[in-house]
Amino acid sequence: MRKKRKNREKRQKILIAVMSAIFLISSIAGVVLYQGNSQDNSIILNVSGNFYDFTREQNYYTVAANKKTLRVYNLPYEVDYINISEDILDKLSDSRMLFFSFDPGVEDLTYVDFIRFEMGNQFREKGIYVIEGVSQQSEIYNLPVITCENATQFIPVLLFSGSNTTKVFEKDNCIHIQSRSRGFIKVMDKINYKLNGIIK
């Protein structure tokens with residue numbers, strides 16, 4: 001009798017140990033699976049009736065469009081409020097050369113420098129030659145003075161300047177990009193999306 005009772009107690013202890021081990025292992029597996037899903041850096045968005053797979057990198061996204069990989073810093077719905085006319089987009093895509101100019105006294109020079117660099121590379125990849133300048137003499141930037149007076153039908157000027165509201169408009173072949181801080185990056189992304197057909 002005592003042997004049976006000892007065997008039963010032994011089996012119960014083994015069963016409790018096995019159940020505890022299963023519970024512990026399943027808890028660990030659940031944590032590992034949860035962490036794996038939280039590190040999934042991909043998001044699929046329906047934009048203008050097409051699905052695009054955005055992959056989160058360090059501080060930007062990559063997305064495939066027109067048989068190439070684009071780098072953007074904002075998702076399409078984050079730049080939806082920015083209006084850019086088709087005339088401006090046509091002028092940018094049809095030009096073989098562009099002038100970039102900016103006010104060297106603008107508060108957000110770090111952002112302006114960043115988008116000048118990024119947009120310059122984007123246009124150069126499309127075979128568009130970019131000449132950079134400043135809208136007025138500067139001791140900081142050793143660049144030529146380029147103003148809207150230099151704009152022509154075939155060589156438009158993109159003029160970056162500070163403003164509390166984000167606006168993109170064109171006057172006499174001079175494309176004004178006005179914003180502050182991250183707003184400049186949103187304008188750049190909107191242009192990138194439009195020129196590559198992601199946003200219609």
### Task
Return a yes/no flag: does region 117-129 have any residue that is aliphatic (A, V, I, L, M), under 21 Å from the mean Cα position of the chain (by Cα) and closer than 30 Å to residue 154 by Cα.
yes
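Restricted to region 74-90, and to residues that are within 18 Å of residue 184 (Cβ to Cβ) and either touching an Asp or Glu at 6+ places or on another chain (Cβ under 6 Å) or among the polar types (S, T, N, Q) (or both), which residue is surrounded by the fewest Cβ atoms within 10 Å (Cβ to Cβ)?
To start, the set of residues in region 74-90 that are within 18 Å of residue 184 (Cβ to Cβ) comprises 74-76, 78-84, 88-89.
Restricting the remaining residues to those that are either touching an Asp or Glu at 6+ places or on another chain (Cβ under 6 Å) or among the polar types (S, T, N, Q) (or both) gives 74, 79, 83, 88.
Details: 74: 20, 79: 24, 83: 11, 88: 20.
My answer is 83.
Just name the residue that is nearest to residue 188 (Cα to Cα) out of those in region 102-118 that are aromatic (Phe, Trp, Tyr) and in contact with a Lys or Arg (Cβ under 8 Å, 6 or more places away or on another chain). Before you say what the answer is, go through the steps one by one.
The first filter runs over region 102-118 and keeps only residues aromatic (Phe, Trp, Tyr), leaving 102, 111, 114, 117.
Now narrow it down to the ones that are in contact with a Lys or Arg (Cβ under 8 Å, 6 or more places away or on another chain): 102, 111.
Numbers: 102: 15, 111: 11 Å.
Of everything passing the filter in region 102-118, 111 is nearest to residue 188 (Cα to Cα).
Which residue, of 175, 131, is over 30 Å from residue 80 (Cβ atoms), of a type in the set (Val, Ile, Thr) and surrounded by 14 or more Cβ atoms within 10 Å (Cβ to Cβ)? Write out each step before concluding.
Working: 175 fails: over 30 Å from residue 80 (Cβ atoms).
Matching residue, one of 175, 131: 131.
Just one of 43, 88 is touching a residue at least 40 places away in the same chain (Cβ under 8 Å) and on the phi < 0 side of the Ramachandran plot; which is it?
On the way: 43 fails: touching a residue at least 40 places away in the same chain (Cβ under 8 Å).
After applying the criteria, what remains is 88.
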### Query
Considering only residues of region 91-117 that are out of contact with any strand residue (DSSP E or B) (no Cβ under 7 Å at 6 or more places or on another chain) and either free of Cβ contacts under 8 Å to residues at least 60 places away in the same chain or not in a helix (DSSP H, G or I) (or both), which is surrounded by the fewest Cβ atoms within 10 Å (Cβ to Cβ)?
110
## Note on the structure
How many residues of region 151-166 are in contact (Cβ under 8 Å) with a residue 40 or more places away in the chain and either loosely packed, with under 13 Cβ neighbours inside 10 Å or farther than 15 Å from residue 91 by Cβ (or both)? The answer is 5
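Throughout, read-outs are computed from the coordinates displayed, never taken from laboratory work. Everything numeric here is computed off the predicted structure, so don't read it as measured data. Every residue, glycine as well, gets a Cβ built from its backbone with ideal geometry; the counts of neighbours run over all protein chains shown.
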